[in-house]
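Contents: one structure, followed by commentary.
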Amino acid sequence: MTQHQEYLYGVGKRKSAIARARLVPGTGQVIINGKAPEQYFGSDRFASVLTQPFQATSTSASFNCVVTVRGGGTTGQAEAVRHAISRALLAGDEELRKPLRSQGLLTRDARVKERKKYGLKRARKAPQYTKR
């Protein structure tokens, strides 16, 4: 970490969720929108998803993480947070690129909902065909 910067910053996205993560030297505490991850997501189902970047780089007890996340659903938000944390870690130490890349944590998942087309009921579902 550079001396003129007091924290590491990263932005992560997934579907329509956008997460902004700030990492400060600390004990490994994660706060999402002012709450603990278990409290914010309602269960500890996403705790393993959030900690993947720290486990991949063996930095779980080195940083406290404060995250702001908006948009999307719970899975999209959890994966956006994971992406943001990965990018913030990379901003602090370029040597972490290899372990993060090998786990696929730096790749932005570009899959988003396809738009509805006119004449169709949804993006691809057509009205039922009748001969008469």
Helix 47-57 versus the longest principal axis of the chain: what is the Cα-based angle in degrees, 0 to 90, to the nearest 10? 50
When ranked by the protection proxy of mean other Cβ atoms within 10 Å per residue, highest first, what sequence do the peptides 38-49, 66-77, 82-93, 110-121 form? 82-93, 66-77, 38-49, 110-121
Dividing the helical contributions, -39500 (n - 2.57) per DSSP H run of n ≥ 4, by the residues of the chain yields a 222 nm value, nearest 500 deg cm²/dmol, of -9000 deg cm²/dmol
Proximal lysines to K13, defined as alpha-carbon separation beneath 19 angstrom and excluding residues fewer than eight positions away on the same chain: K113
Taking each pair of distinct Cα atoms in the stretch 54-121 once, what is the resulting Kirkwood hydrodynamic radius in Å? 13.9
Averaging sequence separations of C-alpha pairs under 8 Å and six or more residues apart, then dividing by the length of the chain, give the relative contact order as a whole percent. 31
For the chain, find the longest principal axis of its Cα atoms and tell me its angle to the long axis of helix 74-92, 0 to 90°, nearest 10. 40
Quick one: check the C-alpha center-to-center distance for the stretch 10-53 versus the stretch 83-100, whole angstrom. 15
First select every other residue whose beta carbon is under 14 angstrom from the beta carbon of L89; then total the charges, Lys and Arg +1, Asp and Glu -1. +3
How large is the dipole of the stretch 1-111 about the Cα centre if only Lys and Arg carry +1 and Asp and Glu carry -1, each at its Cβ, rounded to the nearest 20 debye? 480
From the gyration tensor of the Cα coordinates in the chain, what semi-axes in whole Å does the equivalent ellipsoid have, largest first, with each one equal to sqrt(5λ)? 36, 16, 12
Reachable lysines, given that their alpha-carbon falls under 28 Å from the alpha-carbon of K131 and they are not under 8 places away in the same chain: K116, K117, K121
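Laboratory data are not the source of any read-out in this text; all were calculated from the coordinates shown. Note that the coordinates shown come from a computational prediction; the quantities given were computed from them, not determined experimentally. Methodologically, a virtual Cβ is constructed for each residue, glycine included, from the backbone with ideal geometry; neighbour enumeration extends over all protein chains shown.
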